[in-house]
1. So in the range 66-92, with the set limited to residues that are of a type in the set (D, E, K, R) and surrounded by 15 or more Cβ atoms within 10 Å (Cβ to Cβ), which one is nearest to MET119 (Cα to Cα)?
2. Is it the case, given these coordinates, that ALA50 is of a type in the set (Gly, Ala, Ser) and more than 23 Å from HIS85 (Cβ to Cβ)?
3. I'm checking my understanding of the structure. Among residues of the range 1-54 that are of a type in the set (S, T, N, Q) and farther than 22 Å from LEU75 by Cα, which one is surrounded by the most Cβ atoms within 10 Å (Cβ to Cβ)?
4. Just one of ALA11, ALA19 is modelled with pLDDT of 95 or more and among the hydrophobic types (A, V, I, L, M, F, W, C); which is it?
5. Being more than 26 Å from GLY133 (Cβ to Cβ), out of contact with any helix residue (DSSP H, G or I) (no Cβ under 8 Å at 6 or more places or on another chain) and not small (Gly, Ala, Ser) narrows it down to one residue among ARG3, ARG77, ARG33; which is it?
6. From the residues in the range 121-138 that are surrounded by fewer than 18 Cβ atoms within 10 Å (Cβ to Cβ) and closer than 15 Å to MET1 by Cβ, which one is modelled with the lowest pLDDT?
Amino acid sequence: MRRLVREAGLAEEVRVDSAGTHDYHVGEPPDERAQEHARRRGYDLSRLRARQVAMEDFQSFELILAMDRGQLEILRRVAPPRHRHKLRLSMEFADGQSEEEVPDPYYGGPGGFEQVLDMVEAAARGLLAELRGGIKAS
């Protein structure tokens, strides 16, 4: 998403971040397998570090996406009521995808990481298209 936003010239208007619903790997880089598959597509994830969703995220962001319904439910439980309207599933933005949830590839094989990248890219393209429609040039 960061790359798409930058390439679209929207880096000043759109802030992208990532956080998890659990604290399992806070401070750690992404899984080596995820980094390798991403690298093959031209993404460098090496500087990323895991963090857990914080209460200020609900105030700071206009949209908070979950990869699956379990994460969405956790976010709904912890989000202040006035910010729950910001919560959505990422795949809601993915045109041409039948899946509604992004699976966790952690326990599977290499194909799972490729599938997740395909899904995340499709959702990011769809989200960017929607954002472009809502951002007016200055």
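The values are calculated or read from the model by the stated rules, or taken from the named source; none is laboratory data. What you see is a predicted model, and the numbers here were worked out from it, not measured in a lab. Please note: Cβ atoms are built from the backbone with ideal geometry, for glycine as well, and neighbour counts cover all protein chains shown.
1. Filtering first and then ranking leaves ASP68.
2. yes
3. GLN35
4. Details: ALA11 fails: modelled with pLDDT of 95 or more.
Result of the check over ALA11, ALA19: ALA19.
5. ARG77
6. For the range 121-138, the residue satisfying everything is ILE135.
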